[in-house]
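Taking it in order: structure first as structure tokens, then the write-up.
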Ligand SMILES: [Zn+2]
């Protein structure tokens, strides 16, 4: 079901240092159906470690991808408006700056239901999606986005190259952090990139994770947590150059990395490398007090919910995310403190959250009597969007709890 490694996923150094042990956690995206609720649930240790050799932060455990990304994998990215807009802006900028047209090709690894590639296809730029999850891949094909239902790696890239397929742009959004075969995927990117092509990779920034204590972004799907230092070393080992980088606010703080077969690191790359060295992101000391800060957030949040519950307040959770599953399970927050959770995705409604087994309902339930007094935002990275959507709930006096970086109650002043 899973393996636990003592060697680095990027450089194979033996001697990883432990940063945080979250204990045995359920699979954070594994929503449970009625029949699954009666079976024993898989729980796997979740341990964050640091490689002193190449400075890559990673988890020790690897759950078999067939188990993690089952055909029922529920994450359809198009559900979030903000994320769809973020991807469209990125695509439009690349079409402009790379002068893409009908003779170009854009490939996306982990293309989901095609929400990103659609922006190119609509402008008659040839695209190819790659995604092992059959549900989203079928939706993509129905929408006219050619999609191969496969795990991407060196072998697949070689097979595509043999067919004459190369890429002017390769998108890999929040995928590099998720693959067990990290070196195979990086090699695959190099194989498919045309000489002047660019891979645009987005991954959460480990510096933001540590600074803002976003421990709930650590889960089994998420194997690596990149710094600019770690990614630049990884690419160099595979004959690629990190030519540019941008810091983004998405997912609690991410990096957009531009990787090419040749070129030189931009000023932005050099500046971030310098900053990381000054902060010590590339050394173990930077991560030393993280576990203590995490325990403090967990106990503060649990005590806040307990005190509200003692006063007879009703509490629901909003947005069933992997983050939410880790936050609740690792903090010991379950049905005793939260009444139920809601999510806009029809794929999630009617199921139960892993571990804590909270039921998932349509957000319309928030407006049924009795309206919850508090809504715990489990997808705090979309907190503004969610609070905006919940106009009616706000008008009725509903308050929000933002759990991270410090558990905080937000009462609406506009209503
Ligand atoms: Zn390493």
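Things worth noting here:
- Residue check for residue 310: closer than 23 Å to residue 20 by Cα and without any contact (Cβ under 8 Å) to a residue 12 or more places away in the chain: no
- Breaking point among (1) assigned to a loop (DSSP other than H, G, I, E, B); (2) more than 13 Å from the ligand (Cβ to nearest atom); (3) more than 28 Å from residue 149 (Cβ to Cβ), for residue 55: (2)
- Residues of region 170-184 that are at pLDDT 95 or above and surrounded by 24 or more Cβ atoms within 10 Å (Cβ to Cβ): 170, 171, 172.
- Those residues of region 382-397 which are over 14 Å from residue 364 (Cα atoms) and assigned to a loop (DSSP other than H, G, I, E, B), in sequence order: 397
Let's see how each residue does on (1) at pLDDT 90 or above; (2) surrounded by 15 or more Cβ atoms within 10 Å (Cβ to Cβ):
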position	(1), (2)
326	yes, yes
340	yes, yes
343	yes, yes
350	yes, no
372	yes, yes
383	no, yes
411	no, no
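- Scanning region 232-262 for residues that are within 16 Å of the ligand (Cβ to nearest atom) and touching a residue at least 40 places away in the same chain (Cβ under 8 Å) yields 232, 233, 234, 235, 237, 238.
- Residue check for residue 356: touching a residue at least 12 places away in the same chain (Cβ under 8 Å), in contact with a helix residue (DSSP H, G or I) (Cβ under 8 Å, 6 or more places away or on another chain), within 19 Å of residue 303 (Cα to Cα) and surrounded by fewer than 16 Cβ atoms within 10 Å (Cβ to Cβ): no
- Selection of region 89-113 for residues being touching a helix residue (DSSP H, G or I) at 6+ places or on another chain (Cβ under 7 Å) and modelled with pLDDT under 95 yields 111, 112, 113.
- Restricting region 26-43 to residues that are more than 19 Å from the chain's Cα centre (by Cα) and surrounded by 13 or more Cβ atoms within 10 Å (Cβ to Cβ), the residue that is nearest to residue 320 (Cα to Cα): 32
- Residue 330 vs. criteria crowded, with 20+ Cβ neighbours inside 10 Å and under 30 Å from residue 53 (Cα atoms): yes
- Residues of region 227-269 satisfying the condition of being in a loop (DSSP other than H, G, I, E, B) and crowded, with 23+ Cβ neighbours inside 10 Å: 227
To keep it simple, each residue is scored yes or no on (1) under 16 Å from residue 221 (Cα atoms); (2) modelled with pLDDT under 95; (3) out of contact with any strand residue (DSSP E or B) (no Cβ under 6 Å at 6 or more places or on another chain); (4) within 16 Å of the ligand (Cβ to nearest atom).
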| position | (1), (2), (3), (4) |
| --- | --- |
| 11 | no, no, yes, yes |
| 31 | yes, yes, yes, no |
| 41 | no, yes, no, no |
| 46 | yes, no, no, no |
| 64 | yes, yes, yes, no |
| 67 | yes, yes, yes, no |
| 71 | yes, yes, yes, no |
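- Pairs are defined by a Cβ separation below 7 Å, a sequence spacing of at least 6 or placement on different chains, a first member in region 39-57 that is closer than 18 Å to residue 289 by Cβ, and a second member that is part of a loop (DSSP other than H, G, I, E, B) and within 9 Å of the ligand (Cβ to nearest atom); the pairs so defined are 49/16; 50/16.
- Checked against (1) within 24 Å of the chain's Cα centre (by Cα); (2) closer than 30 Å to residue 370 by Cβ; (3) modelled with pLDDT of 95 or more, residue 300 passes all but condition (1).
- Tally of residues being part of a loop (DSSP other than H, G, I, E, B) and either more than 16 Å from the ligand (Cβ to nearest atom) or surrounded by 13 or more Cβ atoms within 10 Å (Cβ to Cβ) (or both) across region 13-25: 2
The values are calculated or read from the model by the stated rules, or taken from the named source; none is laboratory data. Nothing here was measured: the structure is a model prediction, and the numbers come from that model. Heads up, the Cβs are rebuilt from the backbone with ideal geometry, glycines too, and the neighbour counts pull from every protein chain shown.
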